[in-house]
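Chemist: Pasting in a structure now, in structure tokens, and then I'll have a few things to ask.
The values are calculated or read from the model by the stated rules, or taken from the named source; none is laboratory data. All values reported here derive from a predicted model rather than from experimental measurement. Backbone-built Cβ (ideal geometry, glycine too); neighbour counts: all protein chains shown. Heads up: the accessible areas ignore ligands, DNA and RNA and are worked out on the full protein's heavy atoms, side chains in. Shrake-Rupley method; radii C 1.70, N 1.55, O 1.52, S 1.80 Å.
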Amino acid sequence: MNPRIGILGGGQLARMMALAGYPLGFEFVFFDPAADSCAGQVGELMAAEYHNELALEEFCQKVDIVTIDFENVPVDTLRYVQKKKPVFPSPEVLEIAQDRLLEKEFCHTCGIPTTEFATINSLSELKFAAKKFKHDAILKTRRMGYDGKGQYRITQAADINQIPESLLQQDLILEQRVPFNREVSVMVARNGLGEITHWPLCENKHKEGILTTTIVPAKHSELDEITAEYAKQLAVALNYVGVLVIEFFQTETGVYVNEMAPRVHNSGHWTIEGAATSQFENHLRAGLNLPLGSTQMKGMAAMLNWIGAFPDNILSITEQDLFWHVYGKEPRPGRKIGHSTLLAATPQELHDKIVDLVKKLGVQL
Ligand code: AMP
């Protein structure tokens, strides 16, 4: 019998998981509150609220195993589902990964460095911590933040008076701003039997908190070993099953964890064409306790995100080793609606291909 995989969250990650799973004979059912979720274009979508137990019950009856495409699926939903069907990653992992404070504390219990931070429970704590960080800090909500959402930059004492009341009423963490040289991420996959593997280090660029480009392998990847070691240490300590992504800041003094994503990740989209096995396939293999596929790269890769809108003439541009991914989402400002991957044999060739593509599209990265 083909395994039927249920995915909580029906966005582009769920869609790409299904597209990776169909050639292996897997079947998919998606569950998302939004009836127009783009995964619904490639498989059965149940549109219901995450707390709708009747709908969850029906969803569980349709599938053999359940995973997520979105780390903010309520932990209670995952707990409810876990009573009926195996889930990966576990609700315990989700609880940690949903909370910037628990996430950082967990890293520290593993001896892994993170950005400097302070828990904020009052305005006076905020003022005290902001002073300690020399008013060069970022206030973040502990939960429900992603792509820079729920964040407020502090550059001087007076900024604190401008913070919206709605933000101050939430559970908060203040992070020292890290003067990073670059941002890198590493993806590991671990199955329930403890087999673990990783892909080469990715170098990421963000604009307004949203990932715009990923280049792999990261230049001068002397950090490859230590970042993979940290990510594997975390995966083992969490008894993690699936793909886990750890984002780091690299500074003059080393690497510091920014956050973890308990799921497949935007910085791993290049693996679809650029690695022997994609993050999506290995996530599914991990959950089904199948042997993990090779993470060997096929040369160098660049992933360009399309956010808010596509350039006009995308599909008329064809190049060897250029791949378009259009998620089928309604374009909206700040919304990820697709990506392109370029593969090349050398860093220079990759650079030239990016410059050429950007010129042909008439866009700026
Ligand atoms: P996050 O949602 O925490 O990943 O933040 C989104 C982006 O904001 C990151 O990828 C960084 O570019 C930037 N950022 C977040 N936290 C910090 C920090 N503590 N220091 C410097 N930049 C940060």
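Chemist: In the stretch 150-194, whose amide N lies under 19 Å from the spot 7 Å out along Cα-to-Cβ of Lys131? List them in ranges.
Modeler: Output list for this probe position: 154-163, 174-177.
Chemist: Of all the accessible heavy-atom surface of the stretch 116-176, with the other protein chains kept in place and a 1.4 Å probe, what percent is carbon and sulfur? Kindly include the intermediate steps, with their values, before the conclusion.
Modeler: Values: 1690 of 3500 Å².
It is 48 percent, rounded to a whole number.
Chemist: Would you calculate a helix-derived [θ] at 222 nm for the chain, using -39,500 (n - 2.57) for each DSSP H run of n ≥ 4 and dividing by the full residue count, to the nearest 500?
Modeler: It lands at -8000 deg cm²/dmol.
Chemist: Among Val243, Leu361, Ile337, pick out the residue whose Cα is farthest towards the positive end of the charge dipole of the stretch 182-361, where Lys and Arg carry +1 and Asp and Glu carry -1 on C-beta, about the Cα centre.
Modeler: Ile337
Chemist: Here's another thing I want to ask about it. Just need the relative contact order of the stretch 4-87 here, percent rounded to a whole number, with Cα pairs under 8 Å and 6+ apart. Kindly include the intermediate steps, with their values, before the conclusion.
Modeler: Details: 150 pairs, mean separation 29.0, N = 84.
Computed value for the stretch 4-87: 35 percent relative contact order.
Chemist: Hey, what did the stretch 54-165 get for relative contact order, percent, Cα under 8 Å, at least 6 apart?
Modeler: Contact order relative to length: 18 percent.
Chemist: To continue, here is another question. I need the phi-derived Karplus couplings for the stretch 346-351: 6.51 cos²θ - 1.76 cosθ + 1.60, θ = phi - 60°, integer Hz, Gly and Pro marked x.
Modeler: 9, x, 5, 5, 5, 4
Chemist: Give me the percent of the accessible area of the stretch 182-361 that comes from carbon and sulfur atoms, probe 1.4 Å, all protein chains in place.
Modeler: Carbon-and-sulfur percentage of accessible area, whole number: 53.
Chemist: Also: Would you check the accessible area of Lys219, probe 1.4 Å, heavy atoms only, in square angstrom rounded to 10?
Modeler: That residue has around 120 Å² of solvent-accessible surface.
Chemist: Something else: So for the chain, averaging the separation of alpha carbon pairs under 8 Å that are six or more residues apart and normalising by length, what relative contact order in percent results?
Modeler: It rounds to 13 percent for the chain.
Chemist: Placing one identical point scatterer on every Cα of the chain and ignoring solvent, what is log10 I(q)/I(0) from the Debye formula at q = 0.08, 0.13, 0.14, 0.15 Å⁻¹?
Modeler: The computed values of log10 I(q)/I(0) come out as -0.40, -1.09, -1.26, -1.42.
Chemist: Sticking with this one: Of all the stretches in the chain, which is the longest one without any exposed loop site, taking GluC sites (Glu not before Pro) in a DSSP loop (any state but H, G, I, E, B) with at most 16 other Cβ atoms within 10 Å? Mind dumping the intermediate values first?
Modeler: Values: sites that count: Glu49, Glu116, Glu195, Glu208, Glu222, Glu252, Glu319.
For GluC sites (Glu not before Pro) (loop position, at most 16 other Cβ atoms within 10 Å), the longest site-free span of the chain is 117-194.
Chemist: Rg and Dmax of the stretch 1-121, using alpha carbons, in Å: what are they?
Modeler: 16.0, 52
Chemist: Okay, moving on. Hey, any idea what % of the stretch 1-94's accessible area is carbon plus sulfur with a 1.4 Å probe?
Modeler: Ligands and nucleic acids excluded, carbon and sulfur reach 52 percent.
Chemist: Longer than 30 Å from Cα to Cα, which of Lys62/Lys205; Lys83/Lys298; Lys132/Lys207; Lys219/Lys360; Lys84/Lys329 are they? Say none if no pair is.
Modeler: Table pairs above 30 Å Cα-Cα are Lys62/Lys205; Lys83/Lys298; Lys84/Lys329.
Chemist: While we're looking at this one, here's another question. Sort out for me the Cα centre separation of the stretch 176-194 from the stretch 273-296, rounded to whole Å.
Modeler: Each part reduced to its Cα centre gives a spacing of 18 Å.
Chemist: What number does the stretch 182-361 give for Rg over Rh if you use C-alpha atoms and the Kirkwood radius?
Modeler: We get a ratio of 0.97 for the stretch 182-361.
Chemist: Quick one: what are the phi-derived ³J(HN,Hα) couplings along the stretch 292-303, Karplus 6.51/-1.76/1.60 with θ = phi - 60°, whole Hz, x for glycine and proline?
Modeler: Result, ordered by residue: 7, x, 4, 9, 3, 7, 9, x, 9, 9, 10, 10 Hz.
Chemist: Next question. Mind checking the alpha-carbon convex hull of the stretch 116-176 and giving the volume per residue in Å³?
Modeler: Taking the convex hull of the Cα positions in the stretch 116-176, it is 73 Å³ per residue.
Chemist: Among Leu94, Leu290, Leu343, which one moves the most in a GNM of the chain with springs linking Cα atoms closer than 10 Å?
Modeler: Leu290
Chemist: Round to a whole angstrom and tell me the spacing of the C-alpha centers of the stretch 206-248 and the stretch 41-107.
Modeler: Here the answer is 23 Å between Cα centres.
Chemist: Provide the per residue accessible area, probe 1.4 Å, for the stretch 182-361, rounded to a whole number of square angstrom. Before the final figure, lay out each step's value.
Modeler: Working: 7200 Å² over 180 residues.
Result: 40 Å² of accessible area for each residue.
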